[in-house]
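This structure is in structure tokens; I'll ask about it shortly.
The values are calculated or read from the model by the stated rules, or taken from the named source; none is laboratory data. On a predicted model such as this, the values are computed, not experimentally measured, just so you know. Please note: Cβ atoms are built from the backbone with ideal geometry, for glycine as well, and neighbour counts cover all protein chains shown. In case anyone asks, the SASA skips ligands and DNA or RNA and just uses the protein heavy atoms, side chains included. Shrake-Rupley method; radii C 1.70, N 1.55, O 1.52, S 1.80 Å.
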Amino acid sequence: MRLTKYGHSCVRVEHDGGVLVVDPGTFSETAEALDGADAVLVTHQHPDHVDAAALARQLDRRPFTLYGPAALAGAVDGLPDVLSPVEVGQSFTAAGIPVRAYGGRHAVIHPDIPVVDNLGYLIDDVVYHPGDALVAPDDVEIDTLFLPIHAPWAKFSESLDFLRAVAPRRAYALHDGLLNANGLGVLDANFRRLSTVDYRRLEPGARIDV
């Protein structure tokens, strides 16, 4: 598989001619990420993970299937009416690529803020994108983890413990769109120093093969 990391939480997956995009949100380069997409996975309804206007523009150019929690349909204004709802534990094929859904709920930001549905996606039993929750799959070894490194709902210690619990072969920074160079430098150094995982941060548009 070829993976392209776009801004914040967006990842494009290309495999055997299929193009799958995860979480094309408003902090991401959505036009580039969605170009040629056959399917889109959305972890949850927050705008930094789903840009409804960008999805609508892409749908005008090329049909695709949208997968995500059923709650997306009523929670995101302007979302194209092409949602295929996904449940926790469900296995399905998107853009010709096997996917399994984990988790179920977004991490708590604050007791006064409602908790929404959130799904993590394991792609081809290789790549895990958790969305906005630190749910570690307990039925499979993860090769490649996209690790949320900063969020209103996460502390560094929680992300580090999640990285250690998943224990992937390698990890790439995710959910980093709110950080400046100072914060990125501090977090990157600490994840490398305090874990045994091959941890890296990819610049937007960087591609890797897994």
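Is it true that some residue in the stretch 117-138 is at pLDDT below 95 and out of contact with any His (no Cβ under 8 Å at 6 or more places or on another chain)?
Of all residues in the stretch 117-138, those at pLDDT below 95 come to 138.
So of that shortlist, the ones also out of contact with any His (no Cβ under 8 Å at 6 or more places or on another chain) come out as 138.
Within the stretch 117-138, one or more residues are at pLDDT below 95 and out of contact with any His (no Cβ under 8 Å at 6 or more places or on another chain).
Given the structure, is ASP81 out of contact with any Pro (no Cβ under 9 Å at 6 or more places or on another chain), of a type in the set (Asp, Glu) and at pLDDT 95 or above?
Values: out of contact with any Pro (no Cβ under 9 Å at 6 or more places or on another chain): yes; of a type in the set (Asp, Glu): yes; at pLDDT 95 or above: no.
In short, no.
Restricting to strands (runs of 3 or more DSSP E) lying wholly in the stretch 152-210: which have 2 or more residues that are open to solvent by less than 20 Å² (accessible area, probe 1.4 Å)? Break it down into steps so the answer makes sense when it comes.
Numbers: elements: 170-174, 198-200, 206-209.
Strands (runs of 3 or more DSSP E) meeting the threshold: 170-174.
Then there is this: Scan the stretch 66-83 for residues that are in contact with a strand residue (DSSP E or B) (Cβ under 8 Å, 6 or more places away or on another chain), surrounded by fewer than 17 Cβ atoms within 10 Å (Cβ to Cβ) and under 21 Å from GLY120 (Cβ atoms) and report the count.
Here the count works out to 3.
Any idea which of VAL22, VAL42 is farther than 20 Å from PRO152 by Cβ, touching a strand residue (DSSP E or B) at 6+ places or on another chain (Cβ under 8 Å) and open to solvent by less than 10 Å² (accessible area, probe 1.4 Å)? Quick ask: steps written out before the conclusion?
On the way: VAL42 fails: farther than 20 Å from PRO152 by Cβ.
Criteria check complete, one pass: VAL22.
Please verify whether LEU55 is aliphatic (A, V, I, L, M), closer than 30 Å to ASN180 by Cα, in contact (Cβ under 8 Å) with a residue 40 or more places away in the chain and surrounded by 23 or more Cβ atoms within 10 Å (Cβ to Cβ), treating the condition exactly as stated.
Values: aliphatic (A, V, I, L, M): yes; closer than 30 Å to ASN180 by Cα: yes; in contact (Cβ under 8 Å) with a residue 40 or more places away in the chain: no; surrounded by 23 or more Cβ atoms within 10 Å (Cβ to Cβ): yes.
So LEU55 does not fit the description; no.
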